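Structure record follows, encoded as structure tokens.
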Amino acid sequence: VVSDENYYGIYVNGSGNVAYNDTFINNEVGVYFAEQSSHNILEESHVVNSTNFGIVVLGRNNEVEDSYVASTRVYDGVLVNGTDNLVAGSTLTGNGFFGIEIYGSGNLVNGSYLINNPAGISLNGTYNTAANLTISGSRWAGVYINYYSYHNTVEDSRIYNNQIGAYV
């Protein structure tokens, strides 16, 4: 599937769906997992030149794996505001604000590359984990942990060449 110049490249509202090896270009929001979505997988896909967000995950137990998110113009490459979601093995580069911004709880970001975003990753919820990341080239913070969040973990990550490594 190639989705070009839509408001949503794909809007996922159900459960048990898989989008594999798809391309989403020039959409307002490349991929949108609605609040009711669960157990869906986006894998080996490209989300490029979205206006607002590359990928938005609002549901629970959804996965974004081995995908490439680049050049989101205004906001985040990936915004997660749900529970028990996974972002793994993905590359996020040149996005408008954070490479990945996490709200909610129990979410895992693992084995991903956040390169040349204004800020790398933001943790704003509870019991979220960022592990095995490479974060570089952020014009602000590589890692930002908001003052009202708690019990978040950043481990086994390489954070270098940012204005601030971690802002806690």
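Any residue that is within 19 Å of Tyr8 (Cα to Cα), touching a residue at least 24 places away in the same chain (Cβ under 8 Å), surrounded by 20 or more Cβ atoms within 10 Å (Cβ to Cβ) and of a type in the set (Val, Ile, Thr) - is there at least one of those in region 37-44? Checked against the condition, which is being within 19 Å of Tyr8 (Cα to Cα), touching a residue at least 24 places away in the same chain (Cβ under 8 Å), surrounded by 20 or more Cβ atoms within 10 Å (Cβ to Cβ) and of a type in the set (Val, Ile, Thr), region 37-44 yields no hits at all. When each of Asn85, Asn52 is tested for being over 12 Å from the mean Cα position of the chain (by Cα), farther than 19 Å from Ala141 by Cα and open to solvent by less than 40 Å² (accessible area, probe 1.4 Å), the lone residue that passes is Asn52.
Go through region 73-82 and give me each residue that's farther than 20 Å from Tyr167 by Cα and either under 11 Å from the mean Cα position of the chain (by Cα) or open to solvent by 30 Å² or more (accessible area, probe 1.4 Å) (or both).
Residues satisfying the conditions are Arg73, Val74, Asn81.
Residue under question is Asn162, and the condition is that it be outside any strand (DSSP E or B), farther than 21 Å from Tyr8 by Cα and either among the polar types (S, T, N, Q) or under 14 Å from the mean Cα position of the chain (by Cα) (or both); does it hold? For Asn162, the condition - outside any strand (DSSP E or B), farther than 21 Å from Tyr8 by Cα and either among the polar types (S, T, N, Q) or under 14 Å from the mean Cα position of the chain (by Cα) (or both) - is met.
For region 97-127, filtered to residues that are within 23 Å of Tyr148 (Cβ to Cβ) and not in a strand (DSSP E or B), the residue that is most open to solvent (accessible area, probe 1.4 Å) is Tyr127.
The condition (being touching a His at 6+ places or on another chain (Cβ under 9 Å) and open to solvent by less than 20 Å² (accessible area, probe 1.4 Å)) is satisfied by just one residue among Phe24, Phe33: Phe24. Residue pairs whose Cβ atoms lie under 6 Å apart, separated by 6 or more positions or on different chains, with the first residue in region 141-153 and crowded, with 20+ Cβ neighbours inside 10 Å and the second of a type in the set (Ser, Thr, Tyr), are Ala141/Tyr167; Tyr144/Ser122; Tyr144/Tyr167.
When the residues of region 128-138 are filtered to those that are among the polar types (S, T, N, Q) and crowded, with 24+ Cβ neighbours inside 10 Å, the one that is nearest to Ile102 (Cα to Cα) is Asn128.
The values are calculated or read from the model by the stated rules, or taken from the named source; none is laboratory data. Worth saying up front: this structure is predicted, and the values here are computed from it rather than measured. Positions of Cβ are generated from backbone atoms using ideal geometry, with glycine treated the same way; all protein chains shown enter the neighbour counts. These accessible areas exclude ligands, DNA and RNA; they are computed on the full protein's heavy atoms, side chains included. Shrake-Rupley method; radii C 1.70, N 1.55, O 1.52, S 1.80 Å.
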